[in-house]
1. Suppose only helical runs count, i.e. DSSP H with n ≥ 4. What mean residue ellipticity at 222 nm does that imply for chain A under -39500 (n - 2.57) per run, divided by all residues and rounded to the nearest 500 deg cm²/dmol?
2. Can you list, shortest first in nanometers, how far A:Ala29 lies from the same residue in the other copies, with each label 7 Å from Cα toward Cβ?
3. Would you mind ranking A:Asp270, B:Asp232, A:Asp240 by Cβ crowding within 10 Å, fewest neighbours first?
4. Any idea what angle helix B:285-300 forms with the longest principal axis of chain B, computed on alpha-carbon atoms, 0 to 90 degrees, nearest 10?
5. Quick query: amide H of A:Val234 versus all other amide H atoms, modeled in the peptide plane; which residues come in under 5 Å with a sequence gap of 5 or more or a different chain?
6. In nm, one decimal, shortest first: how far is the label point of B:Leu254 (7 Å from Cα along Cα to beta carbon) from the matching points in the other copies?
7. Per the Debye formula with a single identical scatterer at each Cα and no solvent contribution, what log10 I(q)/I(0) holds for the range B:236-325 at q = 0.14 Å⁻¹?
8. Starting from the Cα gyration tensor of the protein assembly as shown, take the square roots of the eigenvalues, sort them a ≥ b ≥ c, and report rounded, prolate or oblate (rounded when a/c is under 1.5, otherwise prolate if a/b is larger than b/c, else oblate).
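Readers should treat all values here as calculations from the given coordinates under stated rules, not as data from a laboratory. None of the values given here were measured: they were computed from a predicted structure. Every residue, glycine among them, receives a Cβ derived from its backbone with ideal geometry; neighbour counts consider all protein chains shown.
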Number of protein chains: 2
Amino acid sequence: MAHVTQTHLAKHLGVSQALVARALKNDPAVARATRDRVQAEAARLGYRPNVTARALLTGRTGLVGLWISRPYGSYAARLIFGFEKLAQAAGVDLLIRDLGPQGQAEEMTARHIGLVDGLIVVDAPWHVETLLRSGASSRPCVGLGSTISPRADGVAVDLFRGAGQALKHLREVGCRRIAYLRPEHPLGDREDRRRAYVRAVRLPEEIAMEDATRAAAHAALTRHLKAHGCPDAVFCHNDDYALGALRALRELNLRVPRDVAVVGCDGVEDTEYLESPLTTIALPFDDMCRRVWTFLRERMDGYAGRPRRIRLMPELRVRGSSLRG
Amino acid sequence: MAHVTQTHLAKHLGVSQALVARALKNDPAVARATRDRVQAEAARLGYRPNVTARALLTGRTGLVGLWISRPYGSYAARLIFGFEKLAQAAGVDLLIRDLGPQGQAEEMTARHIGLVDGLIVVDAPWHVETLLRSGASSRPCVGLGSTISPRADGVAVDLFRGAGQALKHLREVGCRRIAYLRPEHPLGDREDRRRAYVRAVRLPEEIAMEDATRAAAHAALTRHLKAHGCPDAVFCHNDDYALGALRALRELNLRVPRDVAVVGCDGVEDTEYLESPLTTIALPFDDMCRRVWTFLRERMDGYAGRPRRIRLMPELRVRGSSLRG
DNA sequence: GTTCCGGCGTAAATCGATTTACCCTCCGGA
DNA sequence: TCCGGAGGGTAAATCGATTTACGCCGGAAC
C-alpha cells in the first residue's frame, strides 16, 4: 500500500473518515475511548498526514522562503545560521533558494510563491517589487539588505555609514591612497555598498573583479598591484574578497598592515582566525535576523498595516589588518 | 480576490474549467484559437497555478530535501554549492534542513517526507534507517557521508584511507607525537573519521572539544598545550577546527609547521587563503554531489533495483602547514 | 439518407484532510 | 407522555488542478 490515509484507518476501524480526522486532532467532541482506538490504529499502521492535502485546504505549508544570492557563501551562511534557529523555534522550515540573475524574478516568484507561507528576500528589492506587482495573492514578504523596497516591511543595514566609519579610520591611521576592490557584476543590491562608499569618500581608485569569488579578488588585485603599484589601503566589498586580497598581497611580499591596510565588510567569523585578523565593517547579523523574523511573523499572524522599516547600524571592528602603529 | 484559479478563468471566458486546464498545459486537443484566448486571459488576470493542489494530485512537489547538520558551516556550504547547481539544472529546489540530535529523526521524517520528491541525507545513516522503517511510502533517499546505510543508495567517502595517507605523510616529515583534535559530541557519523583515524594509527593522544565550533577548537587546544606541552602534529577533525587550532598555536608562539604540523579534513576553500595554507584531506565534493544526484534522479525516475553504493577516495593535499623541509 | 469519424469541449471523479451541517440516541424535566 | 438538549457520530462540501470518459457537431463515405 502506497500510503496510509485517514480513509484507510476509517475502513479498518469501521467508522467514518471524518471521525478519524477529528480523533487525530484531539477534538474534544470525540469520546476518549474512540480517540484512543483511532490513534492506536494510526500508530500501528504508520499513518502520516499528507502535508500537501492539508496545505491545499488550509493554505499553509509550514515553509518560509529564504531567497538569497550564493547561499553557500559566508555572508549567506551567517544569515542561514540566524534564521535556521528562529525557524526551528517557530516550528517551520526554511526553503532556501539561490537568486538567479535579476531577469528571473518573475519566473521564480511564479514557481515558489505558492509553496511558502512567508518570504525573506535578501539584497534584492526588485524581487520584492515583482512580488507585490503580482497581486494580492502574495504571501507576506520582508526585505533585508543595504537597500530595501519601501513598499514592504524591511530591515536595512546602513552600509553608507559603515563605509564612512571605515574611511575615517583609515585616514586616521595615515592612509591616503585607498582602493576599492569590488565585483564587476554586483550581486544584488550589495552593489550599493560601492555607491555608498564612493559617495562617502569620493574615491577614484577602483579595482574591478571578473567574478564574485575569492580567486577573482586575488587575481584582480594582483593585476592591479603590478600595473599601478600599491595603495595605502584596500577596502574590500566583503570579507571573502578580503581573503583573496590578503593572499595577493602576501604573494607580492607586501606586508599587512605595514605596507598596506586592508578592510573588509560583513564581519563573518572566518576573518577572526587569520594571522592578522581582518578589520571589517561588522553587520549585526543576529539583530538583523531577529527583526526580520518578527516582521514576518506578525504579518503571517495577520497584521495588515503599512510597511515598516528599520535601519540598523553596522559596527567598525578594528583589528590587525589596519593597525599600523 | 485572494487568488485567481482555473475556475475563475473558466467563468470569465464562459468555458469549462477542464478546458482551461488543458489549454494551459498546451494540450494539442484544444483548438489553437481557444488556447490562445485562455492563455491571454490567464496572463491578464495574473493566474498562477496552485502548487499544493497539483502536488496533491500528482504526488510531486518539485522539492528535494537536503538534510545536513549545521547547514551554515563550510562543509555544508560546499555541498550546498554543488547540489544547488544540479537542482537548478533539473528545475527542482532544495529544501535544506538542519539535522537535529539523533532522537528527532522520527519526528523530522514525519514532518518532511511528504514535502519532498526525494531526499539527500548527509552523515546520518540512522535517518535513512528511520525513513526506511517508516514504510513503503517513503520517497527515494540517498545517503552521503563517511558511513552510509547499506539499505539505501549511498555515496561514501573513504576517510579511513584518507586518514592513513595523512598519517603516512606526517610520519614522513618526521612527526612522532601526533594529537587528534575532535569534537566531544560528534556530529552525525563524521564521528567515524575519528574511529578511522584511531584504527589507522593507534594514536593515544586525543583532544576533546566541548562544542562543535572553531572557538571550542581554539579553547580545547590551548588548554591541552598548556597542560601537556606541544605534540609534533595536530590532526584536526575538520578544516574549521584547524582554523581554531592554528589560532591557538599562534597565540602561544608556536610556529607552523616548524614547531608543529597541522592537518585538517575536508578541503574547503577557506584554508587555501591562510598565510600558511593548510594541509588537508580534500573531499571530492563535485564528484560526491554528482553521484548522489544521479542516484537520486534515477530513483525518482522509477528505478527500483537494489541499493547501490559508491566509495570515493579523498585526496591528501599537502600544503604549507605540514611542510617542514 | 444513414453511418462513421475526427475535432472540440464538457461533466465528473480524484487526490487526502478539514470543516460544516446534520442525525440519532439516551436522559432529565415538565 | 412529550420535549429539549447534550453526547457522539456521519454525510457531504471544500480546497484547485489533473485526467478519464464521454457528448456534440459537421463533413466524408457508401
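1. Result for chain A, helices only: -13500 deg cm²/dmol.
2. A:Ala29 label point versus its equivalents elsewhere: 4.1 nm.
3. B:Asp232, A:Asp270, A:Asp240
4. Value to nearest ten degrees: 30.
5. For A:Val234, whose amide H was placed from the backbone, the distant partners under 5 Å are A:Ala179, A:Ala261, A:Val262, A:Val263.
6. 3.4
7. Once normalised to I(0) and log-transformed, intensities are -0.58.
8. oblate
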